[in-house]
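Trainee: Attaching a single structure in structure tokens format; questions to follow.
Taken together, the values in this text are just the output of simple stated rules run on the coordinates, not laboratory data. The structure presented is a predicted model; accordingly, all values stated were derived computationally and were not measured. Note: ideal-geometry Cβ built from the backbone for every residue, glycine included; neighbour counts use all protein chains shown.
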């Protein structure tokens, strides 16, 4: 691939062939004789018109990349699809997935709630941690995703298990990678922040022969990521790809993403009396030798073959390996130093003295270790067949597919047990530090790292599906689909309730779930510029979906989800501006509710109702917009308890 990048330059530098005959000298015009004065008028050149395309700088995207949606034109999809394209990411200098999807109404970004490493995104009020995809293939690894190799990010709203299998309660986030093309192009970029972060990217596309092309994307960044102390990063990535047979009946695409990160992650500040402790914004309670180191290897191969204009087959295979090695320290509890200078944790409660209103120089922070080594492996293959045909006057776009996947997960935890002013602290505590400023020292030598639990899990999945888009008339389309899934998972823990007194972690669990997902909708398109739709879809979440077992877990039935949506999509200003809006309701049944003894029961019902509106495109040639708004009304838990019926609701507007 490196040779391809330099091939064109090498050819340009070759010396001319000395034996080649040059063009014959041009004879003088017949009415001119050598040495005679020139009397004719100056020649007038004919106008020359050069046409070409420039890279799109429009925020508007009207076509999707997800093959199994059954339609490339987003007007024909009976769900709201919001696309964050490269132009929008560049305009905001979005370098991470979190930064890019903040543009999507209905998305909220979490930190490390639940001990999660990597991107922690909620979509329409539900966790989407296992609903992130890369070129429509599941991307479930716990890592921080960069945008250097992405062309766009597509967010499909609402339950979508008929299309993607398990998960997708609130929707799906699909990352679309950059693909090779037949136009030679090179793009370099650089960024420097006032914090001291330096970032550079490169994107080189080189066609070769007549129907092939190679593309390489690279990224490197180093420096301080934020105004907070101890947040230095050193990251680099490479994304090579090659596409063969572009424009021919058979296209083959091979790609990879190789990424390494070594970052110092900020874990925030601990609470006091229900609120974050009030300290300077730069304070970090971690240690100078903390790190979160991640390596990612993603390999992808796609074969797309068109038998004829009405029949097309596609096969896609993905391998993904993510290793995360963590040695991080966070400030977890607020307290004071007692008479013997040992740490005394503050009791939590409003008006609690002497901690309420106490000056920072009287408060200390207990630091705990969050050390672990995680390995995520995903192997998946999808085979799909698309057929276009008619039954009488009714047109069909039929999609059939089979999805096979294997996943494994291991997590080895460690603890560092230390001292506060020479006094031993509780297990897992590294030390204590003043609350008002960053000390910045390394891990004390008397805080050894002790191995903890080793969690190991694996899962197999099989899904078969078909979806038909029926064109009853040019202005009315009906969409219907069904999918059958089997998901089998097993989870084990080395330190558990069977071998450790007082421990409630599950020793071993095995579970197999069968589920049928459906999708239905109607699309009314009176003109090419307007589309109105209603849809119904379902999804499911197995209890072992995340391949981790929590304290007191037990075999539970899958959570069942159903979504209703009605919306419109409209194009204005000769198609330069797109607007969309939708009202929706998503309900989760069998929601897992934690009991007083730490176990869970499938007795909950969670319901989210809301409205979303958005617009993208150009108002004038010089003025374009991307805007959105979502309003969610959440009934977080509705369940029968020994004390009666518990109902809660919360309204959340999201820009």
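Trainee: Run the quick spin-label model on residue 297 and residue 449: label points 7 Å from Cα toward the beta carbon, then report their separation in nm to one decimal.
Mentor: 2.2 nm
Trainee: Would you kindly state how much longer the chain becomes between residue 595 and residue 383 on full extension, computed as 0.36 nm times their sequence separation minus their alpha carbon distance, in nm to one decimal?
Mentor: Details: separation 212, 0.36 × 212 = 76.32 nm, distance 4.25 nm.
Length gained, residue 595 through residue 383: 72.1 nm.
Trainee: Share of Cα-Cα pairs in segment 75-146 beyond 15 Å, in percent?
Mentor: 59 percent
Trainee: Additional query: Mind ranking 444-456, 483-495 by how tightly packed they are, going by the mean number of other C-beta atoms within 10 angstrom, highest first?
Mentor: Output ranking for 444-456, 483-495: 483-495, 444-456.
Trainee: What's the extension gain from residue 278 to residue 486 if we count 0.36 nm per residue and subtract their Cα-Cα distance?
Mentor: Values: separation 208, 0.36 × 208 = 74.88 nm, distance 4.98 nm.
Gain in length upon complete extension: 69.9 nm.
Trainee: How large is the Kirkwood hydrodynamic radius of segment 395-486, in angstrom, based on all distinct alpha carbon pairs?
Mentor: After inverting the pairwise mean of 1/r, the radius is 19.2 Å.
Trainee: Sticking with this structure for a sec: Considering Cα pairs under 8 angstrom that are at least six residues apart, work out the relative contact order of segment 295-446 and quote it in whole percent.
Mentor: Worked out over segment 295-446, it gives 24 percent.
Trainee: Can you compute the modelled spin-label distance between residue 62 and residue 45, with each label point 7 Å from Cα toward Cβ, in nm?
Mentor: Distance between label points: 3.7 nm.
Trainee: Which semi-axes, in whole Å and largest first, does the equivalent ellipsoid of segment 158-295 have when worked out from the alpha carbon gyration tensor as the square roots of 5 times its eigenvalues?
Mentor: Working from the Cα gyration tensor, I get semi-axes of 40, 23, 12 Å.
Trainee: If we sort 457-470, 566-579, 67-80 on the protection proxy, mean other Cβ atoms within 10 Å, highest first, what's the order?
Mentor: 67-80, 457-470, 566-579
Trainee: Can you give me the relative contact order of the chain as a percent, contacts being Cα pairs under 8 Å and 6 or more apart?
Mentor: Worked out over the chain, it gives 10 percent.
Trainee: Mind pulling the per residue volume of the convex hull built on the Cα atoms of segment 221-318? Å³ is fine.
Mentor: Working: hull volume 16.5 nm³, N = 98.
Taking the convex hull of the Cα positions in segment 221-318, it is 169 Å³ per residue.
Trainee: Separate question: Thinking of the chain as a set of Cα atoms, what percent of all their pairs are more than 49 Å apart?
Mentor: It works out to 23 percent of all Cα pairs.
Trainee: Which distance in Å, rounded to a whole number, links the C-alpha centroids of segment 118-161 and segment 373-410?
Mentor: 17 Å
Trainee: Could you work out how far helix 2-12 tilts from the main Cα principal axis of the chain, as a 0 to 90 degree angle to the nearest 10?
Mentor: 30 degrees
Trainee: Strictly greater than 19 Å: what percent of every Cα pair in segment 87-240 meets that? Walk me through the intermediate numbers first.
Mentor: Working: 6998 of 11781 pairs.
When all Cα pairs of segment 87-240 are counted, 59 percent exceed 19 Å.
Trainee: Here is a further query. State the extension gain, in nm to one decimal, for the chain segment bounded by residue 627 and residue 185, taking 0.36 nm per residue of separation less the distance between their alpha-carbons. Intermediate values should be presented prior to the final figure.
Mentor: On the way: separation 442, 0.36 × 442 = 159.12 nm, distance 3.05 nm.
Residue separation times 0.36 nm, minus the Cα-Cα distance, leaves 156.1 nm.
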